[in-house]
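Trainee: The structure is given below, and queries will be raised subsequently.
Bear in mind that the values in this text are calculations on the coordinates, not laboratory data. Note that this is a predicted model, so its numbers are computed, not measured. Glycine also receives a Cβ, built like all others from the backbone with ideal geometry; neighbour counts cover every protein chain displayed.
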Amino acid sequence: MRFTKDHEWVSLEGDVATVGITAYAAEQLGDVVFVETPEAGKSVKAGDNMAVVESVKAASDVYAPISGQVVEGNPALGDAPETVNDQPEGLGWFAKIKIADKAEYEALMDRAAYEDFLQSL
């Protein structure tokens, strides 16, 4: 699993990456009440806005941590957005993306580097 400074996580299986927000991001948001995930077929570039998450505190954009084509948005979040809070780094994923360049994944922080980054906030 890899991480961004915008608090997204990426888990890679073959050439498909599963993307979500970190436990830290979910905690900062508070209770998630709405999630808009990307449509299958949408092309994204690293840094692009790809999803929206709304909580009782605020609405936030979720950025694509890698470039590629969305294979699937998580349909379960429409009916159960609280899954983002309950299992942010598991069933609360936002999208699956067929990656364009594995080097983008390799350039992201590993868990130890992300934990160090969180200590600096």
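Trainee: Can you pull out the residues in segment 74-102 that are part of a loop (DSSP other than H, G, I, E, B), charged (D, E, K, R) and within 18 Å of Thr4 (Cα to Cα)?
Mentor: Those that are part of a loop (DSSP other than H, G, I, E, B), charged (D, E, K, R) and within 18 Å of Thr4 (Cα to Cα): Glu89, Asp101.
Trainee: Would you be able to say whether some residue in segment 22-37 is part of a helix (DSSP H, G or I), among the polar types (S, T, N, Q), touching a Gly at 6+ places or on another chain (Cβ under 6 Å) and free of Cβ contacts under 8 Å to residues at least 60 places away in the same chain?
Mentor: No, because not a single residue in segment 22-37 is part of a helix (DSSP H, G or I), among the polar types (S, T, N, Q), touching a Gly at 6+ places or on another chain (Cβ under 6 Å) and free of Cβ contacts under 8 Å to residues at least 60 places away in the same chain.
Trainee: Please find, within segment 33-42, the residue that is surrounded by the fewest Cβ atoms within 10 Å (Cβ to Cβ) out of those that are more than 15 Å from Glu8 (Cβ to Cβ) and either in contact with a helix residue (DSSP H, G or I) (Cβ under 8 Å, 6 or more places away or on another chain) or aliphatic (A, V, I, L, M) (or both).
Mentor: Ala40
Trainee: Tally the residues that are closer than 15 Å to Ile99 by Cα and outside any loop (DSSP other than H, G, I, E, B), restricting the search to segment 56-73.
Mentor: 7
Trainee: Here is a check on your reading of the model: is Asp79 over 16 Å from Trp9 (Cβ atoms), surrounded by fewer than 16 Cβ atoms within 10 Å (Cβ to Cβ) and without any contact (Cβ under 8 Å) to a residue 12 or more places away in the chain?
Mentor: So Asp79 passes the test.
Trainee: Still on this structure, I have one more. How many of the residues in segment 1-16 are in contact with a Phe, Trp or Tyr (Cβ under 9 Å, 6 or more places away or on another chain) and farther than 20 Å from Ala112 by Cα?
Mentor: Total meeting the criteria: 0.
Trainee: Within segment 90-121, track down each residue that is in contact (Cβ under 8 Å) with a residue 40 or more places away in the chain, farther than 20 Å from Phe34 by Cβ and touching a strand residue (DSSP E or B) at 6+ places or on another chain (Cβ under 6 Å).
Mentor: Selection gives Lys96, Ile97, Lys98, Ile99, Tyr105, Leu108, Met109, Tyr114.
Trainee: Condition first: over 16 Å from Ala95 (Cβ atoms), touching a strand residue (DSSP E or B) at 6+ places or on another chain (Cβ under 6 Å) and surrounded by 17 or more Cβ atoms within 10 Å (Cβ to Cβ). Can you find one or more residues in segment 43-56 that meet it?
Mentor: Yes; the residues of segment 43-56 include at least one that is over 16 Å from Ala95 (Cβ atoms), touching a strand residue (DSSP E or B) at 6+ places or on another chain (Cβ under 6 Å) and surrounded by 17 or more Cβ atoms within 10 Å (Cβ to Cβ).
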